[in-house]
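Have a look at the structure below before the remarks.
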Amino acid sequence: MTSGYPSDATENAVQANITAAGYNGGSTSTATLTPGSRISLQATTAPCCTSHYLRHNDADTKVVISSINSSSSATDKADATWIVRAGLANTSCLSFESTDKPGQFLRHSNYQLYLNTDNGGSSFAKDATFCPTAGNSGVGTSFQSVNFPTKYLRHYNYTAYIAGNGGSNAWDATKSWAQDTSWLTAAPWS
């Protein structure tokens, strides 16, 4: 018999084990990638990052991953919540708008991910559009860059990039690439 409630770390570890085992009705997502929906993107790399979510920094425009849980501040939860939009450059794909900074989108520049205001240009639209594919690790979803189709949204050293599986940049490292480019579409934190 038990009493009390499990810690956030315990809940996250149990959820990661459930996901890794392929339960959850055959799905590894708890939210949908339907335009207009709100989601959070959870990293799947074990053991380091299964409690981490893609979020923007408030101190600068960089996009990173960090641990978010029920005890996190409202600001941190909002920073890790995205509105799914039809892709700015290709409506068959997706773009991710910040919930707490309307009009600002997840976009890559020199392969690193940032939160920037949509300037209406075609380059921005391409940099902010990602096509969902089956997770490269066999779990969740991977997001392929529309203008660099060999590169996927990846976390590397807690920073977000678009990365290929091998290449000249440190974030293109093949070690953990499949896991680092696979994301769970989670219920929104905010």
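Just so it is clear, none of the values below were taken in a lab; they were calculated from the coordinates. Remember, it's a predicted structure, so these values are computed and weren't measured experimentally. We place every Cβ from the backbone using ideal geometry, glycine too, and count neighbours over all the protein chains shown.
Extension gain for residue 90-residue 165 works out to 24.6 nm (0.36 nm per residue, less the C-alpha to C-alpha distance). Shown is the FRET efficiency for residue 134 and residue 59, computed with R0 = 45 Å from the Cβ-Cβ distance and rounded to the nearest 0.05: 0.85. Sequence-ordered 3J(HN,Hα) estimates for segment 141-146 from the Karplus curve with 6.51, -1.76 and 1.60 and θ = phi - 60° stand at 10, 10, 10, 8, 5, 5 Hz, glycine and proline given as x. Fully extending the segment from residue 147 to residue 34 would add 38.5 nm, taking 0.36 nm per residue of separation and subtracting the current Cα-Cα distance. I need the shape label for segment 8-186. Rule: rounded when a/c is under 1.5, else prolate if a/b > b/c, else oblate, with a, b, c from the alpha carbon gyration tensor. In terms of gyration-tensor shape, rounded. Near the amide H of residue 156, within less than 5 Å, lie the amide hydrogens of 161, all on another chain or at least 5 residues away, with H placed in the peptide plane.
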